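To start, the structure under review is shown below, and the notes come after it.
The values are calculated or read from the model by the stated rules, or taken from the named source; none is laboratory data. Here the structure is a predicted model, which is why all the values come from computation and not from measurement. Just the protein is used for accessible areas: all its heavy atoms, side chains included, with ligands, DNA and RNA removed. Shrake-Rupley method; radii C 1.70, N 1.55, O 1.52, S 1.80 Å.
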Amino acid sequence: MRVATFNVNGIGARLGALLQWLEETKPDVACLQELKAPQERFPLAEINAAGYGAIWQGQKSWNGVAILARGTDPVEVTRGLPGDPSDEQSRYLEAVVNDIVICGLYLPNGNPAPGPKFDYKLAWFERLIARAQQLIDTGAPVVIAGDYNVMPTELDVYKPERWVDDALFRPETRAAFQRLVNQGWLDALRAIHPDEVIYTFYDYFRNAYGRNAGLRIDHLLLSPTLAPALRAAGTDHAVRGREKPSDHVPTWVELDLSALKA
DNA sequence: ATGTCCCAAGGATTGGGA
């Protein structure tokens, strides 16, 4: 089973690129972020025609997340990150696909830091940590996939010294991610490739992709009960080099669910 | 500070966000 995450940066502008990627790589589950479309403007007919069921949480102009499942409809569990009913931003969905709990997230960027946006990021992180602990406690196999807007370590940034004051790399942000992982989650790409430079995002500015000046900010975390199924992990790097690309690179894991059966 | 791209308002270009 392949589970992927892809920040599309506008489902309207990226539908062609998305459909091409789905056709080429055929992920069983795809978590999408930054739909940048209201609920009624999600291209369900095209997604269905590509062989995928979907649930999504839209929002005008910004944010927006979706979970796609090949040949089936995701069974929705939770819409919106628990912990703050006043939070109106569309950044979190949970669904069950093939008995695996799929959490798709778009964690706030948080810039400029310090400031209210950074405070919102850290508060959102605390809610995520609380929800993630609940998920661990269920014992269910879970993957939390998405755009975390966090580079976990210096290996995940092309020039760490330039990013120390940025909301994506500040000590508070990295510490929050580490606390999340320390609950028992496995950072799947880093587990498979412990020393490799892997980037999942390249700025549109200054030919960042051509210079390989990237960041690793899209992650798939596996619960302790799912980690034994991990077989491979990687990115679809070349997608970023196409015409009119998203600024993010699709990122995926390959799971062998038969390894979970006793 | 800059660079680029997406979306929306308004009906061209500008502003917000990343």
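Details
- Bridge orientation summary for chain A: considering DSSP beta bridges with both residues in this region, about 80 percent are antiparallel.
- When the listed pairs A:117/A:244; A:60/A:121; A:26/A:159; A:26/A:121 are checked against a 22 Å cut-off, the alpha-carbon distance exceeds it for A:117/A:244; A:26/A:159; A:26/A:121.
- Taking the inverse of the mean reciprocal distance over all distinct Cα pairs, the Kirkwood hydrodynamic radius of chain A comes to 18.2 Å.
- Our helix-only sum for chain A, with -39,500 (n - 2.57) per DSSP H run of n ≥ 4 divided by its residues, gives a mean residue ellipticity at 222 nm of -7000 deg cm²/dmol.
- With protein chains left intact and a 1.4 Å probe, residues in chain A average 42 Å² of accessible area per residue.
- Entry note, chain A: relative contact order of 19 percent, from Cα contacts under 8 Å with a spacing of 6+ residues.
- Cα-based reach from residue A:261 at 13 Å (exclusive), listing aspartates and glutamates while leaving out same-chain residues under 8 positions away: A:99
- Based on the reciprocal of the average 1/r between different C-alpha atoms, the Kirkwood radius for region A:190-249 equals 12.9 Å.
- Taking the protein heavy atoms of chain A in the context of the full set of protein chains, the accessible area attributed to carbon and sulfur is 52 percent at 1.4 Å.
- Here region A:109-159 and region A:11-68 have alpha carbon centers that stand 22 Å from each other.
- Within chain A, no whole DSSP H helix has Cα atoms reaching 30 Å or more along its own axis together with a mean Kyte-Doolittle score of at least 0.0.
- Over region A:34-182, Cα pairs under 8 Å with separation of 6+ residues give a relative contact order of 17 percent.
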